[in-house]
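Visitor: Provided herewith is a single structure, encoded as structure tokens, for subsequent inquiry.
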Amino acid sequence: QVQLVESGGGLVQPGGSLRLSCVASASIFSIYTMGWYRQVPGKQRELVAAITPGGSTNYADSMEGRTTISINNAKNTGYLQMNSLKPEDTAVYYCNAGLIAPGGVQLHNYWGQGTQVTVSS
């Protein structure tokens with residue numbers, strides 16, 4: 001069964017940094033696209049960053065310049081590096097990925113379980 005497992009969340013002071021990781025299960029050949037989303041209670045899930053199969057990236061306006069999304073297929077892992085964190089970045093962060101399984105089968109729209117990020121002094 002395909003799984004995405006996230007890690008790297010936690011409590012950080014304003015101005016600090018975190019790197020979130022999203023690891024695809026060993027049965028996956030590669031990650032070909034990924035998005036990171038976040039959600040706070042009572043609000044809709046919003047896109048933070050995304051990377052296309054061609055490597056193009058896009059970021060939410062509020063995260064531009066202080067966030068980097070990347071994929072390392074040698075480790076079947078996607079990353080979200082966040083710097084200069086603000087209290088309003090507090091949320092549960094989720095990864096969403098498109099995957100390629102052995103045999104070239106494309107698997108779409110897989111979600112991680114979420115990881116809590118809290119920015120507070």
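The values are calculated or read from the model by the stated rules, or taken from the named source; none is laboratory data. Please read these numbers as outputs of a predicted model, since none were measured by experiment. Note that we place each Cβ from the backbone using ideal geometry, even for glycine, and neighbour counts take in every protein chain shown. Just so you know, the surface numbers come from the protein's heavy atoms only, side chains and all, with ligands and any DNA or RNA stripped out. Shrake-Rupley method; radii C 1.70, N 1.55, O 1.52, S 1.80 Å.
Visitor: Taking the criterion of being in a loop (DSSP other than H, G, I, E, B), open to solvent by 60 Å² or more (accessible area, probe 1.4 Å) and on the phi > 0 side of the Ramachandran plot, would at least one residue in the stretch 43-64 satisfy it?
Guide: No: the stretch 43-64 contains no residue that is in a loop (DSSP other than H, G, I, E, B), open to solvent by 60 Å² or more (accessible area, probe 1.4 Å) and on the phi > 0 side of the Ramachandran plot.
Visitor: Could you tell me how many of the residues in the stretch 65-93 are part of a loop (DSSP other than H, G, I, E, B) and either closer than 15 Å to Q116 by Cβ or aliphatic (A, V, I, L, M) (or both)?
Guide: 3
Visitor: Now for a different question. Could you tell me whether any residue of the stretch 78-100 is free of Cβ contacts under 8 Å to residues at least 12 places away in the same chain and either surrounded by fewer than 15 Cβ atoms within 10 Å (Cβ to Cβ) or of a type outside the set (G, A, S) (or both)?
Guide: Taking every residue of the stretch 78-100 in turn, none turns out to be free of Cβ contacts under 8 Å to residues at least 12 places away in the same chain and either surrounded by fewer than 15 Cβ atoms within 10 Å (Cβ to Cβ) or of a type outside the set (G, A, S) (or both).
Visitor: Against the condition within 16 Å of V119 (Cα to Cα) and not hydrophobic (A, V, I, L, M, F, W, C), how does G15 come out, does it pass?
Guide: yes
Visitor: Here is a follow-up. Taking the stretch 32-42 on its own, how many of its residues are part of a loop (DSSP other than H, G, I, E, B) and closer than 14 Å to E88 by Cα?
Guide: The number of residues fulfilling the criteria is 2.
Visitor: Scan the stretch 107-121 for residues that are in a strand (DSSP E or B), open to solvent by less than 70 Å² (accessible area, probe 1.4 Å) and not hydrophobic (A, V, I, L, M, F, W, C) and jot them down.
Guide: Those that are in a strand (DSSP E or B), open to solvent by less than 70 Å² (accessible area, probe 1.4 Å) and not hydrophobic (A, V, I, L, M, F, W, C): T115, T118.
Visitor: Okay, next question. Of everything in the stretch 1-31, what is in a strand (DSSP E or B) and crowded, with 18+ Cβ neighbours inside 10 Å? Give them in sequence order.
Guide: Once the filter is applied, which keeps residues that are in a strand (DSSP E or B) and crowded, with 18+ Cβ neighbours inside 10 Å, the stretch 1-31 yields L4, E6, V12, L18, L20, S21, C22, V23, A24, I31.
Visitor: Of all residues in the stretch 65-75 being without any contact (Cβ under 8 Å) to a residue 24 or more places away in the chain and either within 15 Å of the chain's Cα centre (by Cα) or under 18 Å from I100 (Cα atoms) (or both), which is most open to solvent (accessible area, probe 1.4 Å)?
Guide: Only one residue tops the list, namely A74.
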